[in-house]
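Worksheet for the structure shown next.
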Amino acid sequence: MRAHPVAAALGLVAAQLGLAAVLTSQILAVAYRMPGVGSLDELGRLGSGPGWAFAAAWAPAAVAIPITLILLAQRFRRRAWTLPAVGMLVSVAGWLWAVSTFEQPTIVGG
């Protein structure tokens with residue numbers, strides 16, 4: 001990290017974007033395992049959990065990436081890598097919490 005702070009920070013920014021994309025796809029994987037959910041239109045049956053999971057995946061990236069790029073242009077270049085690293089931890093922790101709040105859908109009929 002000390003030898004190439006810009007490359008490390010940009011690499012972690014790319015990793016953060018990749019993590020957000022993977023977490024987004026995993027929202028659907030978890031949701032489709034729930035009974036009564038077979039399409040995107042039925043995600044509302046799970047309550048607000050899918051929305052929170054999507055926000056947990058992308059909000060830290062939306063905040064950390066521009067701030068990291070600003071820090072790279074200033075005197076904080078050596079510490080700029082910490083922001084995307086912490087952002088990834090926050091994304092994973094928030095995503096796990098949000099997925100745990102998925103409600104059991106009520107199946108009508110059948």
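Return the residues of region 1-25 that are free of Cβ contacts under 8 Å to residues at least 60 places away in the same chain and under 13 Å from TRP95 (Cα atoms); say none if nothing qualifies. Listed by number, the residues that qualify are ALA21, VAL22, THR24, SER25. The residue that is nearest to the chain's Cα centre (by Cα), counting only those in region 1-35 that are open to solvent by less than 30 Å² (accessible area, probe 1.4 Å) and of a type outside the set (A, V, I, L, M, F, W, C), is GLN16. For GLY38, work out the one condition from (1) touching a helix residue (DSSP H, G or I) at 6+ places or on another chain (Cβ under 6 Å); (2) under 26 Å from VAL108 (Cα atoms); (3) of a type in the set (Gly, Ala, Ser) it doesn't fulfil. Condition (1) is where GLY38 drops out.
Do we have THR101 as crowded, with 17+ Cβ neighbours inside 10 Å, hydroxyl-bearing (Ser, Thr, Tyr) and touching a residue at least 40 places away in the same chain (Cβ under 8 Å) here?
So THR101 does not fit the description; no.
The values are calculated or read from the model by the stated rules, or taken from the named source; none is laboratory data. The structure presented is a predicted model; accordingly, all values stated were derived computationally and were not measured. In this analysis, Cβ positions are derived from the backbone assuming ideal geometry, glycine residues included, and neighbour counts consider all displayed protein chains. Side chains included, ligands, DNA and RNA excluded: accessible areas come from the protein's heavy atoms. Shrake-Rupley method; radii C 1.70, N 1.55, O 1.52, S 1.80 Å.
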